[in-house]
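Student: Dropping a structure here in structure tokens format, bear with me for questions.
The values are calculated or read from the model by the stated rules, or taken from the named source; none is laboratory data. Keep in mind that what you see is a predicted model, and the values were worked out from it rather than measured. Cβ atoms come from the backbone with ideal geometry, glycine included; neighbour counts cover every protein chain shown. Remember, those area values only see protein heavy atoms, side chains included, never the ligands or the DNA or RNA. Shrake-Rupley method; radii C 1.70, N 1.55, O 1.52, S 1.80 Å.
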Amino acid sequence: MSPCYTDPVTRPTLIAANWKMNPPPEGWNAIESPYRQTDGVDIVVFPPFVYLKSCIAAGLRTGAQCGHPEPAGAHTGCISMAMTAQEGCEAVLCGHSDRRRDQKETDNFIAEQVVAAFENKLFAILCIGETEKEREAGREREVVERQLQSVLDLLQSTTYNLQAIAYEPVWAIGTGRNATPEQAQEMHAFIRSLLPETHQSATRILYGGSMNAANAEELLRQPDIDGGLVGGASLKSEEFRKIVAVAAVHHR
Ligand code: PEP
């Protein structure tokens, strides 16, 4: 199935649309929808749970914004990784900072989600990133290393490897204040260096945090930025179309 698994060695550009708690944007299911897979760029949409089925039925490559690691049980309001996979989802976000903040998801719980995602053949995008306070204190590397390491530690007891990470500095999410290309590249290279050597070149590292049509080019041009996790700008279909067009030019 998934385009997300294609040719990992060359790390084709991946643009992920995180619609958060918003309905699908205008034109989402049109024939010319920018949310459809296109040549040279992998595109995945992450709608709220209630829209998963319609997005899948419309032929969009679709992922869940989260998933509980247990297959079933007493977790009111949650949906398991197994259920999202059964619905036809191909991907899942793990550890988005909204959930680390609102649902108090811990590093350990997020690591369990990643493993459960792989067990259910979902393409997991692990989200990591520091808060503004942590960056001001010069702790950004320490924080992303801790977040990543807890997942790598759990994966060590499995045969799975991380396929995709989204570096999303919390201070850049939804603020209109993206990381500079230099800041992002520096962190992406650092994150890549923390991965097992055998998987450094195959793991896609996306940038997230106020990516838009105006800044996508300079971000996607960086050697260690393999795509974007786009929130606000993914809710405006024409803006999103422009981001995808930029990504198509920079595809590897
Ligand atoms: C996000 O929510 O993952 C995100 C990157 O949002 P935005 O693009 O709005 O900053």
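Student: Answer with yes or no whether Lys121 is of a type in the set (Lys, Arg), more than 21 Å from Trp19 (Cα to Cα) and outside any helix (DSSP H, G or I).
Tutor: On the way: of a type in the set (Lys, Arg): yes; more than 21 Å from Trp19 (Cα to Cα): yes; outside any helix (DSSP H, G or I): yes.
It is true that Lys121 is of a type in the set (Lys, Arg), more than 21 Å from Trp19 (Cα to Cα) and outside any helix (DSSP H, G or I).
Student: Among all residue pairs at least 6 apart or on different chains, which show Cβ distances below 8 Å where the first residue, located in segment 5-23, is open to solvent by less than 10 Å² (accessible area, probe 1.4 Å) and the second is part of a loop (DSSP other than H, G, I, E, B) and modelled with pLDDT under 90?
Tutor: Matching pairs, first to second residue: Thr13/Gly40; Thr13/His250; Thr13/His251; Thr13/Arg252.
Student: Out of Arg61, Arg36, I need the residue that is touching a residue at least 40 places away in the same chain (Cβ under 8 Å), over 23 Å from Leu155 (Cβ atoms) and among the basic types (Lys, Arg). Which one? So that I can check it myself, show each step before the final result.
Tutor: Working: Arg36 fails: touching a residue at least 40 places away in the same chain (Cβ under 8 Å).
Among Arg61, Arg36, only Arg61 is touching a residue at least 40 places away in the same chain (Cβ under 8 Å), over 23 Å from Leu155 (Cβ atoms) and among the basic types (Lys, Arg).
Student: Any residue that is assigned to a loop (DSSP other than H, G, I, E, B) and touching a helix residue (DSSP H, G or I) at 6+ places or on another chain (Cβ under 8 Å) - is there at least one of those in segment 150-159?
Tutor: Yes - at least one qualifying residue is present in segment 150-159.
Student: Next question, about the same structure. Going by what's in this entry, would Glu134 be described as modelled with pLDDT of 95 or more, open to solvent by 10 Å² or more (accessible area, probe 1.4 Å), in contact with a helix residue (DSSP H, G or I) (Cβ under 7 Å, 6 or more places away or on another chain) and closer than 20 Å to Gln185 by Cβ?
Tutor: Values: modelled with pLDDT of 95 or more: yes; open to solvent by 10 Å² or more (accessible area, probe 1.4 Å): yes; in contact with a helix residue (DSSP H, G or I) (Cβ under 7 Å, 6 or more places away or on another chain): yes; closer than 20 Å to Gln185 by Cβ: yes.
Criteria met by Glu134.
Student: On to the next question. Search segment 91-117 for residues being assigned to a loop (DSSP other than H, G, I, E, B) and within 14 Å of the ligand (Cβ to nearest atom), and hand back the single one that is farthest from Ile43 (Cα to Cα). Quick ask: steps written out before the conclusion?
Tutor: From segment 91-117, those assigned to a loop (DSSP other than H, G, I, E, B) are 95-96, 103-106; that's our starting set.
From the residues that got through so far, the ones that are within 14 Å of the ligand (Cβ to nearest atom) too are 95-96.
Details: Gly95: 20, His96: 18 Å.
Looking at the filtered set, the residue picked out is Gly95.
Student: Check Ser157 against each of (1) open to solvent by less than 70 Å² (accessible area, probe 1.4 Å); (2) free of Cβ contacts under 8 Å to residues at least 12 places away in the same chain; (3) among the hydroxyl-bearing types (Ser, Thr, Tyr) and name the one condition it does not meet.
Tutor: That leaves (1) as the condition not met.
Student: What number of residues within segment 51-80 satisfy the criterion of being open to solvent by less than 50 Å² (accessible area, probe 1.4 Å) and over 30 Å from Glu26 (Cβ atoms)?
Tutor: 3
Student: Next question, about the same structure. Please work out which residue is nearest to the ligand (Cβ to nearest atom), limiting yourself to segment 200-212 and to residues that are without any contact (Cβ under 8 Å) to a residue 40 or more places away in the chain and among the polar types (S, T, N, Q).
Tutor: Residues of segment 200-212 without any contact (Cβ under 8 Å) to a residue 40 or more places away in the chain: 200, 210-212.
Narrowing further to those that are among the polar types (S, T, N, Q): 200, 210, 212.
On the way: Gln200: 24, Ser210: 4, Asn212: 8 Å.
Once the filter is applied, the top-ranked residue is Ser210.
Student: Still on this structure: Which one is nearest to the ligand (Cβ to nearest atom), of the residues in segment 213-248 that are open to solvent by 50 Å² or more (accessible area, probe 1.4 Å) and not acidic (Asp, Glu)?
Tutor: Leu235
Student: Could you tell me which residue of segment 169-182 is nearest to Arg100 (Cα to Cα), considering only residues that are open to solvent by 10 Å² or more (accessible area, probe 1.4 Å) and assigned to a loop (DSSP other than H, G, I, E, B)?
Tutor: Within segment 169-182, the subset open to solvent by 10 Å² or more (accessible area, probe 1.4 Å) is 170-171, 173-178, 180-182.
Pick out the ones that are also assigned to a loop (DSSP other than H, G, I, E, B) and you get 173-178, 180.
Numbers: Ile173: 13, Gly174: 16, Thr175: 18, Gly176: 21, Arg177: 20, Asn178: 20, Thr180: 24 Å.
This residue is Ile173.
Student: Within the group Thr38, Thr106, which residue is among the polar types (S, T, N, Q) and modelled with pLDDT of 95 or more?
Tutor: Values: Thr38 fails: modelled with pLDDT of 95 or more.
That would be Thr106, the only listed residue that is among the polar types (S, T, N, Q) and modelled with pLDDT of 95 or more.
Student: When segment 63-89 is examined, which residues are found to be away from the ligand (no atom under 16 Å from the Cβ) and either closer than 21 Å to Leu235 by Cβ or in a strand (DSSP E or B) (or both)?
Tutor: Of all residues in segment 63-89, those away from the ligand (no atom under 16 Å from the Cβ) come to 67-89.
Correct list: His68, Ser80, Cys89.
Student: Return yes when Gln185 is in contact (Cβ under 8 Å) with a residue 40 or more places away in the chain, over 23 Å from Ala111 (Cβ atoms), more than 9 Å from the ligand (Cβ to nearest atom) and in a loop (DSSP other than H, G, I, E, B) and no when it is not.
Tutor: Working: in contact (Cβ under 8 Å) with a residue 40 or more places away in the chain: yes; over 23 Å from Ala111 (Cβ atoms): yes; more than 9 Å from the ligand (Cβ to nearest atom): yes; in a loop (DSSP other than H, G, I, E, B): no.
Spelling it out, it is not the case that Gln185 is in contact (Cβ under 8 Å) with a residue 40 or more places away in the chain, over 23 Å from Ala111 (Cβ atoms), more than 9 Å from the ligand (Cβ to nearest atom) and in a loop (DSSP other than H, G, I, E, B).
Student: Does Glu197 fit the bill of being surrounded by fewer than 23 Cβ atoms within 10 Å (Cβ to Cβ), under 25 Å from Lys20 (Cβ atoms) and away from the ligand (no atom under 15 Å from the Cβ)? So that I can check it myself, show each step before the final result.
Tutor: Values: surrounded by fewer than 23 Cβ atoms within 10 Å (Cβ to Cβ): yes; under 25 Å from Lys20 (Cβ atoms): no; away from the ligand (no atom under 15 Å from the Cβ): yes.
No, not satisfied.
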